[in-house]
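Colleague: Next up is a structure, given as structure tokens.
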Amino acid sequence: MRVCLVYDCLFPHTVGGAERWYRDLAERLVSEGHEVTYVTLRQWQRGERAQIDERVRVVTAGPRLALYTDSGRRRILPPLVFGLGVFAHLLRNGRRYDVVHTCSFPYFSLLAAAPLRALMGYVLVVDWFEVWSRAYWRDYLGGVGGRIGELIQRACARVPQRAFCFSELHARRLREERLNGPITVLRGLYAGGTEPVSPRHADPIVLFAARLIPEKQVGLAVAAVALAAKRIDGLRGEFLGEGPERALLDAAIVEHGLQEIVTARGFAKTETVDAEMRRATCMLVTSRREGYGLVVVEAAARGTPSVVVAGEDNAATELIAEGVNGTIATQDDPASVADAIVRVHEAGLALRERTVRWFAENGDWLSLESSLRKVLESYSAGGLNARRSPVRSARARR
């Protein structure tokens, strides 16, 4: 089968849940003998190689561009450039693909692939990690810009496609947008091992690990740790991650007088995050917007419960079984989040044992493998024949 994956980022050159998903999907497909082309924006220096299995053919559909503003919002120009590049690539090469599999956001690559679908004969598959509400569009881009963004999102939903979502929240919203095609909910994005761990007593540490953008509400996390520290002897906070709100994080630590008990180490290697996650009392997820919430699963795999904040745009709450693998703060204010931290601390080892059992019981459907199987089944369900064309050995073009 000949598959074209379309996303403007490529892990590990850019780090995020979608980036990991497309890289894992590409490498799984080529390992099974399929021919895979990955169309993206350049994120590496000229002369360097894209860091992905060399059997994946990497095509750049645009130059290296800054994707985000200083405030952490997506810039408008890169998606436009990428959309034009995707259209040009598919206009020249569309007939060589059986499937074009793209992310819905930031939309213009989907709008580029849609009008060529019938002409080129490929099946269009779209991942909808999130479907934004009208209120969120208004908050993100203002009144006029938000309305335009909402209309573009709706236009993308009306394109004939097969859609994947990663939460019931966004699948429901996609149905409300009257998606033109079937919707499959994928619940597994965890690529780590599923071997059971032995529950261990936690160190008194609240761990926060995320890109420092407004949606993650790092200021709320610091304020909650400050309140919880008054009720839990020896409690410390560990903040891992970088982003446009790093200055806000540093200022909040000083404002609450937490310099002696809270550290902000910036971006950390995978090994560091893993070690901190294993020993933390809880993983703190104060984000008000999540399309999935992979960090909750990653923490549970290590026997660590999570504290998640409820919100109309936060699908991570779907991964919490209250009192089993963590708890949900019903309000996004410091007192409510601090109460949730205290609940986890007081539950102690018993909660960590329940977290280990929860992951053991749900590990299969939470695994990346389960989602990859469904994707491959979906490709085949459309009458596609992997033997329609010979699989050509293709070295990546960097």
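Colleague: Can you pull out the residues in the range 40-75 that are at pLDDT below 85, over 17 Å from P12 (Cβ atoms), within 21 Å of the chain's Cα centre (by Cα) and in a loop (DSSP other than H, G, I, E, B)?
Modeller: T69, D70, S71, G72, R73
Colleague: Further question: Take the range 287-296 and flag every residue that is of a type in the set (A, V, I, L, M, F, W, C) and surrounded by fewer than 24 Cβ atoms within 10 Å (Cβ to Cβ).
Modeller: Here is the first cut: in the range 287-296, the residues of a type in the set (A, V, I, L, M, F, W, C) are 294-296.
Matches in the range 287-296: L294 only.
Colleague: Please specify each residue of the range 297-326 satisfying the condition of being surrounded by fewer than 23 Cβ atoms within 10 Å (Cβ to Cβ) and in a strand (DSSP E or B).
Modeller: D313, E322
Colleague: Here are E150, E130: which of them is touching a residue at least 12 places away in the same chain (Cβ under 8 Å), assigned by TED's automatic domain parsing to the domain that holds R73 and more than 30 Å from S367 (Cβ to Cβ)?
Modeller: Working: E130 fails: more than 30 Å from S367 (Cβ to Cβ).
Of E150, E130, the one residue that is touching a residue at least 12 places away in the same chain (Cβ under 8 Å), assigned by TED's automatic domain parsing to the domain that holds R73 and more than 30 Å from S367 (Cβ to Cβ) is E150.
Colleague: Restricting to the range 230-242, name every residue that is in contact with a Lys or Arg (Cβ under 9 Å, 6 or more places away or on another chain) and surrounded by fewer than 21 Cβ atoms within 10 Å (Cβ to Cβ).
Modeller: L240, E242
Colleague: A further question follows. Can you tell me which of R23, R28 is at negative phi, touching a Pro at 6+ places or on another chain (Cβ under 9 Å), basic (K, R) and not in a loop (DSSP other than H, G, I, E, B)? Can you show your working first?
Modeller: Values: R28 fails: touching a Pro at 6+ places or on another chain (Cβ under 9 Å).
Step by step, each of R23, R28 is checked, and only R23 is at negative phi, touching a Pro at 6+ places or on another chain (Cβ under 9 Å), basic (K, R) and not in a loop (DSSP other than H, G, I, E, B).
So that you can scan it fast, the table gives a plain yes or no per residue for (1) of a type in the set (A, V, I, L, M, F, W, C); (2) modelled with pLDDT under 95; (3) assigned by TED's automatic domain parsing to the domain that holds L110:
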{"residue": "R187", "(1), (2), (3)": "no, yes, yes"}
{"residue": "P214", "(1), (2), (3)": "no, yes, no"}
{"residue": "A280", "(1), (2), (3)": "yes, no, no"}
{"residue": "V285", "(1), (2), (3)": "yes, no, no"}
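Colleague: Restricting attention to the range 60-75, report how many residues are among the β-branched types (V, I, T) and surrounded by fewer than 18 Cβ atoms within 10 Å (Cβ to Cβ).
Modeller: Of all residues in the range 60-75, those among the β-branched types (V, I, T) come to 60, 69.
Subset that is surrounded by fewer than 18 Cβ atoms within 10 Å (Cβ to Cβ): 69.
Matching residues across the range 60-75 total 1.
Colleague: Related question: If you check every pair at least six apart or on different chains, which have Cβ atoms under 7 Å apart with a residue in the range 15-35 that is closer than 17 Å to F164 by Cβ first and a residue that is among the hydroxyl-bearing types (S, T, Y) and buried (at least 20 other Cβ atoms within 10 Å of the Cβ) second?
Modeller: From residues that are closer than 17 Å to F164 by Cβ, the pairs are G17/Y292; A18/Y7; Y22/Y7; A26/Y38.
Colleague: Identify, from the list L248, L227, L284, L258, the residue that is in contact (Cβ under 8 Å) with a residue 12 or more places away in the chain and crowded, with 23+ Cβ neighbours inside 10 Å. Full working, then the answer.
Modeller: Working: L248 fails: crowded, with 23+ Cβ neighbours inside 10 Å; L227 fails: crowded, with 23+ Cβ neighbours inside 10 Å; L258 fails: crowded, with 23+ Cβ neighbours inside 10 Å.
Within the list L248, L227, L284, L258, the selection yields L284.
Colleague: So, V86, is that one crowded, with 18+ Cβ neighbours inside 10 Å, of a type in the set (A, V, I, L, M, F, W, C) and under 22 Å from G149 (Cα atoms) or not? Before you say what the answer is, go through the steps one by one.
Modeller: On the way: crowded, with 18+ Cβ neighbours inside 10 Å: yes; of a type in the set (A, V, I, L, M, F, W, C): yes; under 22 Å from G149 (Cα atoms): yes.
Here the answer is yes, as V86 does meet what is asked.
Colleague: Hey, among L119, L169, which residue is surrounded by fewer than 16 Cβ atoms within 10 Å (Cβ to Cβ) and either of a type in the set (F, W, Y) or outside the structural domain of R289 (by TED's automatic domain parsing) (or both)? Spell out the reasoning first.
Modeller: Numbers: L169 fails: surrounded by fewer than 16 Cβ atoms within 10 Å (Cβ to Cβ).
Criteria check complete, one pass: L119.
Colleague: Is it true that R231 is at pLDDT 95 or above, among the basic types (K, R) and part of a loop (DSSP other than H, G, I, E, B)?
Modeller: yes
Colleague: Is there any pair linking a residue in the range 182-204 that is among the small types (G, A, S) to one that is assigned to a loop (DSSP other than H, G, I, E, B), with Cβ under 7 Å and at least six apart or on different chains, and which?
Modeller: A202/A280; A202/T281
Colleague: Before we move on, is R46 surrounded by fewer than 17 Cβ atoms within 10 Å (Cβ to Cβ), free of Cβ contacts under 8 Å to residues at least 12 places away in the same chain, in the same structural domain as F82 (by TED's automatic domain parsing) and among the charged types (D, E, K, R)? Let's see the steps before the verdict.
Modeller: Values: surrounded by fewer than 17 Cβ atoms within 10 Å (Cβ to Cβ): yes; free of Cβ contacts under 8 Å to residues at least 12 places away in the same chain: yes; in the same structural domain as F82 (by TED's automatic domain parsing): yes; among the charged types (D, E, K, R): yes.
Yes.
The values are calculated or read from the model by the stated rules, or taken from the named source; none is laboratory data. Note that this is a predicted model, so its numbers are computed, not measured. Don't worry about glycine lacking a Cβ; one is built from the backbone with ideal geometry, like all the others, and counts go over all protein chains shown.
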